[in-house]
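So the structure is just underneath, and the comments pick up after that.
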């Protein structure tokens, strides 16, 4: 499963967008100026939702401004699993837009890039991509995508004001984290926020723990892909499920966690009604949007493991823009120019304007804005210290679709951690078989 | 009484000529074939083949493949094996059966009682009848979203009303023991109108003479209900059971909007298990799941239909 902000209001925005786009299309068409004949139009398919649509619109606008002979029309699709099916169907029928935004990592591998996408390895910008991003949008050393966003960290969003009031320090081991939780609970604040109404938010304890897994068992991803190691039998990997059970059994979860929504979680952490919210760093700007006073109160740390010396961050690569094989001729040339713009410092500036970054950018020459929130600077620190491991889904195509439900069961005491890990292994085996991987 | 006694004989008598007429039809089939020119059948035939026959056959074929939409690989019955080993499936299967039995049972009981009430001499009968039917007309998704809000454990209207009475309501949709039942209750609320309408038709069609005769014999209202209304509304009961059982077995939209099969897998039904495979991009596997669902529904409904109709004939 993917992470992403699924916004309820997005259909309204999408309709508005579609309307305004069609209106602009009308007006420029009816003017009938001689420019129109030379003007090339690119279709750009982006997911709806507050973390993607503004990015697509902004990129389209800024690119057209610097390339007056090319017009970019933004087209929207649903996000989540439904969006996956839209992308796959359109690629399979050869009716994909000229350029489209899609995830990197295992979801990118699942759309058969070799068959469906135009490789970008020979473009100049391909050399400017950092080592963390590059493999997540590549198949056999061929790069296919330009990063349309900043890197994200998966860890714990915490309220610095609560920490200051209770005189706590940022934990580097799980024991320190639990000791902090005990003190926070005594002060009457919910130590850990969970929001199981939106199922995808439940997975951070397992997925965000991968840096710790890799630190304890180097080469885990490779063995995992080859079916040599499992969550239930690897002590390091199983810890993620055990910790999820830990926080529930200790009574550290917010009241009503089973029916709380993502938005409620954001506002709770912003207002300090909860101290920790295990989340991705792309939720930092939504928190500040929901509670503007929280800009300086939001901090971020990686999920603590057993060993303070090996403390580090699990990172997610941004989504990327791809060009399908169905784009040809003049359009292909224009599409390549568009990707070159996205993967340039100018593109990063455009991205920043659309949405405050949630971590460092993947393109050489791109800088974080100086006024970035504290939590984003906290994220940046892990990258500066080189204490970053990509999430497992970027290192292995193996990922079970039912992890969110299993995490909810473990996190609400319906199923025990070892049983949850076993069930996830079964789920994973199914996915690997469906992908036709060797050794499963 | 005479009509019911005479019924089997009539039936048998009617069957006789049918058999002979069928024989005649077979003999003169060439004549029937020529009744309409071929071109008359063509439009309906094309629609049927492209929209029904081809997809059905394709579904059976793709259920035997590993299918990514880009290409497919024939893997025999592996998908069925995988689907039947799916951990959530057993839970989904029992949940589906519980859901189907609970909803159709409650619809039968409530529907019949409401029908008796709404066929009596009650003030504003037409208005009350339409009121019962109203939820059937509302979109299922809308009902689901509304009740998700009403059933919220701390802020929902249901629990805040209960707390006024001093009752501590359960977390309807997030408590594993309640989730499935809560959705089933909403399903009954939404679907009982249809059952009531079917029963009203059934009850109204019972001749008044029986009631009058029973009254003369000194039967009270309860005896009348038990000995006249209940047995003579049997065709309606059969229809309600079959309809609501099929509806319950393939239920999806209400469960998906209200719990998404959650918390965890506790309110998963077969249809939501299948949908999750589709969502995950396992197209072959989810197609196999649909074939399984098709077989399951047929395996339950066909014998049931036969059984209920036989009983009806024997009456």
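The values are calculated or read from the model by the stated rules, or taken from the named source; none is laboratory data. What you see is a predicted model, and the numbers here were worked out from it, not measured in a lab. Glycine also receives a Cβ, built like all others from the backbone with ideal geometry; neighbour counts cover every protein chain displayed.
For the stretch B:62-83, give me each residue that is over 27 Å from residue A:86 (Cβ atoms) and more than 12 Å from chain A (Cβ to nearest Cβ).
B:76, B:77, B:80
For residues in the stretch B:159-184 being assigned to a helix (DSSP H, G or I) and within 13 Å of chain A (Cβ to nearest Cβ), which is nearest to residue A:414 (Cα to Cα)? Even if it seems obvious, please write down each step before you answer.
Residues of the stretch B:159-184 assigned to a helix (DSSP H, G or I): B:159-164, B:179-184.
Among the residues that remain, those that are also within 13 Å of chain A (Cβ to nearest Cβ) are: B:159, B:179, B:182.
Working: B:159: 23, B:179: 13, B:182: 18 Å.
Here the answer is B:179.
Here are some conditions: (1) more than 10 Å from every other protein chain (Cβ to nearest Cβ); (2) not in a helix (DSSP H, G or I). Residue B:154 meets all but one. Which one does it not meet?
So the condition that residue B:154 fails would be (1).
Which fully enclosed helices (runs of 4 or more DSSP H) of the stretch A:225-314 have 1 or more residues being in contact with a strand residue (DSSP E or B) (Cβ under 6 Å, 6 or more places away or on another chain), closer than 26 Å to residue B:259 by Cβ and in the same structural domain as residue A:420 (by TED's automatic domain parsing)? Show your work before the answer.
Numbers: elements: A:235-249, A:262-271, A:284-290.
Correct list: A:235-249, A:262-271.
Any residue in the stretch A:74-94 that is under 16 Å from residue A:340 (Cβ atoms), in contact with a strand residue (DSSP E or B) (Cβ under 7 Å, 6 or more places away or on another chain), not in a loop (DSSP other than H, G, I, E, B) and not assigned by TED's automatic domain parsing to the domain that holds residue A:393? Please lay out each step first, then the result.
Start the filter on the stretch A:74-94 by keeping residues that are under 16 Å from residue A:340 (Cβ atoms), which leaves none.
No - not one qualifying residue is present in the stretch A:74-94.
How about the stretch A:87-108: which of its residues are surrounded by 17 or more Cβ atoms within 10 Å (Cβ to Cβ) and within 11 Å of another protein chain (Cβ to nearest Cβ)? Don't jump to the end; show me each part of the working.
Looking only at the stretch A:87-108, we keep the residues that are surrounded by 17 or more Cβ atoms within 10 Å (Cβ to Cβ), and these are A:87-88, A:90-92, A:96-108.
Those that are surrounded by 17 or more Cβ atoms within 10 Å (Cβ to Cβ) and within 11 Å of another protein chain (Cβ to nearest Cβ): A:87, A:88, A:90, A:91, A:92, A:106, A:107.
Take residue A:369 and tell me if it is at pLDDT below 90, surrounded by fewer than 24 Cβ atoms within 10 Å (Cβ to Cβ) and more than 27 Å from residue A:65 (Cβ to Cβ).
On the way: at pLDDT below 90: yes; surrounded by fewer than 24 Cβ atoms within 10 Å (Cβ to Cβ): yes; more than 27 Å from residue A:65 (Cβ to Cβ): no.
Judged against the criteria, residue A:369 is not a match.
Answer yes or no: is there a residue in the stretch A:391-402 that is surrounded by fewer than 20 Cβ atoms within 10 Å (Cβ to Cβ), more than 14 Å from every other protein chain (Cβ to nearest Cβ) and not in a loop (DSSP other than H, G, I, E, B).
no
Would a scan of the stretch B:126-145 turn up a residue that is within 12 Å of chain A (Cβ to nearest Cβ), part of a helix (DSSP H, G or I) and either farther than 30 Å from residue A:409 by Cα or in contact (Cβ under 8 Å) with a residue 24 or more places away in the chain (or both)?
Just the residues of the stretch B:126-145 that are within 12 Å of chain A (Cβ to nearest Cβ), to begin with: B:145.
Adding the requirement that they be part of a helix (DSSP H, G or I) leaves B:145.
So of that shortlist, the ones also either farther than 30 Å from residue A:409 by Cα or in contact (Cβ under 8 Å) with a residue 24 or more places away in the chain (or both) come out as B:145.
For the stretch B:126-145, residues within 12 Å of chain A (Cβ to nearest Cβ), part of a helix (DSSP H, G or I) and either farther than 30 Å from residue A:409 by Cα or in contact (Cβ under 8 Å) with a residue 24 or more places away in the chain (or both): present.
Residue A:236 is checked against (1) out of contact with any helix residue (DSSP H, G or I) (no Cβ under 9 Å at 6 or more places or on another chain); (2) under 16 Å from residue A:305 (Cβ atoms) and fails just one. What number does that condition carry?
(1)
Taking the options A:112, A:165, name whichever one is surrounded by fewer than 24 Cβ atoms within 10 Å (Cβ to Cβ), away from chain B (no Cβ under 14 Å) and over 24 Å from residue A:380 (Cβ atoms). Reasoning before the result, please.
Values: A:112 fails: away from chain B (no Cβ under 14 Å).
On inspection, the qualifying residue turns out to be A:165.
When you look at residue B:39, is it within 14 Å of chain A (Cβ to nearest Cβ), over 30 Å from residue B:205 (Cα atoms) and exposed (fewer than 11 other Cβ atoms within 10 Å of the Cβ), yes or no? Working first, answer last.
Numbers: within 14 Å of chain A (Cβ to nearest Cβ): no; over 30 Å from residue B:205 (Cα atoms): yes; exposed (fewer than 11 other Cβ atoms within 10 Å of the Cβ): yes.
Criteria not met by residue B:39.
Can you list the helices (runs of 4 or more DSSP H) lying wholly within the stretch B:210-315 that have 2 or more residues being farther than 30 Å from residue A:198 by Cα? Break it down into steps so the answer makes sense when it comes.
Numbers: elements: B:221-224, B:234-249, B:253-258, B:270-279, B:283-314.
Qualifying helices (runs of 4 or more DSSP H): B:221-224, B:234-249, B:283-314.
Suppose we filter B:100, B:30, B:44 for residues that are more than 25 Å from residue B:268 (Cβ to Cβ), at pLDDT 80 or above and part of a helix (DSSP H, G or I); which single one remains?
Values: B:100 fails: more than 25 Å from residue B:268 (Cβ to Cβ); B:30 fails: at pLDDT 80 or above.
Answer to the check: B:44.
A quick yes/no check of all residues on (1) closer than 18 Å to residue A:279 by Cβ; (2) assigned to a loop (DSSP other than H, G, I, E, B); (3) assigned by TED's automatic domain parsing to the domain that holds residue A:135; (4) out of contact with any strand residue (DSSP E or B) (no Cβ under 9 Å at 6 or more places or on another chain):
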| position | (1), (2), (3), (4) |
| --- | --- |
| A:353 | no, no, yes, yes |
| A:357 | yes, yes, yes, no |
| A:409 | no, no, no, yes |
| A:413 | no, yes, no, yes |
| A:424 | no, no, no, yes |
| A:430 | no, no, no, yes |
| A:440 | no, yes, no, yes |
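Could we say that residue B:247 is within 14 Å of chain A (Cβ to nearest Cβ) and at pLDDT below 90 here?
Values: within 14 Å of chain A (Cβ to nearest Cβ): no; at pLDDT below 90: yes.
Judged against the criteria, residue B:247 is not a match.
Among (1) more than 30 Å from residue A:299 (Cα to Cα); (2) buried (at least 19 other Cβ atoms within 10 Å of the Cβ); (3) away from chain B (no Cβ under 14 Å), which single condition is residue A:388 missing?
Failed condition: (1).
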